[in-house]
Amino acid sequence: MGAAPDAPHTTGRPSVRNPATRATQLVLLALSLGLSACAGLVRPPAPPSQVNSLGMKFVLIPAGEFLMGSDESPQGLARDFPSYEPRRFLQLGDEQPVHRVRISKPFWLGQHEVTVGQFRAYLEASGHVPESVADGTGAYGYNPDYDPASTARGDAFEGRDPRYSWDQPGFAQSDQSPVLNVTWNDAVAMARWLSQQEGRTYRLPTEAEWEYACRAGSRTRYPQGDDPQSLVQVANVFDAAALPYWPRWQAYALAGSDGHAFSAPVGSLAANAFGLHDMLGNAWEWVADWHDEAYYASSPGVDPTGPEDGGVKVRRGGSWHSWALYARCAFRNWNTPQTRYTLVGMRLLLEAEDDDRRR
Ligand SMILES: [Ca+2]
Ligand SMILES: [Ca+2]
């Protein structure tokens, strides 16, 4: 599969350890249990979390094993995605074979995608110039007057154009929105800077760590099950709210509404069983690995880190503009490390230290 430079190939230290005394914690626990019993509710405990120097919240993901990838048949997919062209179900071969992967160490993963506000704070403190600005070619954006048919590639968005950048994708973004139009190189630079600032190791998750975190114990297409229509409860994707802006894609819009035509403030939709929000939808998320169509056939069984080299980096999870087929935990998409696009953002991983592993 070839890929144009930007276009989707399918269309300090922990600061929130509870300061309460042990006695206070016990009282709070007793009250909590009592209230839960009164209400007839048994809630799972919140996962351990911490907030870093930029206000980014991380949750602890336990070590474990999972089945990575998907071996769904084209026939099965056609049944559940009846309005899609059959050729789309034949383009998912890089999700096979399904293989068992062990994640040997716990890790902290951003509870949310990196936000516009956090990325701005990083730029101001570090002096980093985002690649779309540094190379002068700009990024991509939404322009209601733009006609994809007027361009050679038929991109859904206008660009590259210097008028668009990480803080200007052509639609309203707040400091709580996921940052978009950032390159893989920008994401790695932010992780390196945070590591230097805090004396800990930040990086992008590997593809395996990302899928393990997305599935959160599930083996279905989506963490909540296989039904594409149920996605609107947990993910901001291409839905009834987005359809009025792109009516020609009516066949691919979910019938329900997730409440967001464009990006959603991070954490607007429900978390998965690991306490992570927006793993599916909102912003595509760069991961560390190079993409290789055949990698799963030879992937190591423990902590795989992807091919040694390659030409394109993997991004995962789908976006606010993605159709449900492309917002599955197993789906793999990819672009060059220089790619910037109005659908692509990031989520960072913070490596666990020995103290964390005893939790
Ligand atoms: Ca949406
Ligand atoms: Ca996402």
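Readers should treat all values here as calculations from the given coordinates under stated rules, not as data from a laboratory. This structure is a prediction, so every number in the text was calculated from the model and none was measured. Here the Cβ is made from the backbone with ideal geometry for all residues, glycine too, and neighbour counts use every protein chain on show.
Roughly how many whole Å is it from the C-alpha centroid of segment 135-168 to that of segment 285-359?
If we compute the Cα centre of each part, the gap is 24 Å.
Report, in deg cm²/dmol and to the nearest 500, the calculated mean residue ellipticity at 222 nm for the chain, where each DSSP H run with n ≥ 4 adds -39500 (n - 2.57) and the sum is divided by the residue count. Let's see the in-between values first.
Details: 7 runs with 68 residues, N = 359.
Result for the chain, helices only: -5500 deg cm²/dmol.
Order of 330-337, 95-102 by packing, highest average Cβ count within 10 Å first? Show your work: numbers first, answer last.
Values: 330-337: 21.5, 95-102: 16.2.
Result, highest mean first: 330-337, 95-102.
Going by C-beta contacts inside 10 Å, put LYS313, LYS105, LYS57 in order with the fewest on the left.
LYS105, LYS57, LYS313
I need SER319, SER195, SER177 ordered by Cβ neighbour count within 10 Å, fewest first. Spell out each step's value before the answer.
Numbers: SER319 29, SER195 15, SER177 25.
Final ranking by Cβ density, sparse to dense: SER195, SER177, SER319.
Taking the dipole about the Cα centre of segment 102-183, with the C-beta of Lys and Arg at +1 and of Asp and Glu at -1, give me whichever of PRO169, TYR140, GLY127 is farthest to the positive side.
Positive-most Cα among the choices belongs to GLY127.
How big is the charge dipole of the chain about its Cα centre, in debye rounded to the nearest 20, if each Lys and Arg gets +1 on its Cβ and each Asp and Glu gets -1 on its Cβ? Don't jump to the answer; show the numbers that get you there.
Working: 32 positive and 41 negative charges, 210 e Å.
The dipole magnitude comes to about 1020 debye.
If you take the charge dipole of segment 53-128 about its Cα centre, with +1 on Lys and Arg Cβ and -1 on Asp and Glu Cβ, which of TRP108, GLN96, MET68 is farthest toward its positive end?
Farthest towards the positive pole: TRP108.
For the pair ALA134/TRP246, report the inter-label distance in nm, with labels modelled 7 Å from Cα in the Cβ direction.
2.9 nm
One-quarter of the Cα convex hull surface for the chain, in nm²?
Working: hull surface 75.7 nm².
Over all viewing directions, the chain projects a mean Cα-hull area of 18.9 nm².
Can you tell me the order of 241-254, 158-171 when each peptide is scored by its average per-residue count of other Cβ atoms within 10 angstrom, highest first?
On the way: 241-254: 15.4, 158-171: 20.2.
Ranked by mean Cβ neighbours within 10 Å, highest first: 158-171, 241-254.
Would you work out the charge dipole size for segment 135-228 about its Cα centre, treating the Cβ of every Lys and Arg as +1 and the Cβ of every Asp and Glu as -1, and quote it to the nearest 20 debye? Please list the in-between numbers first.
Values: 9 positive and 15 negative charges, 79 e Å.
Dipole of segment 135-228, to the nearest 20 debye: 380 debye.
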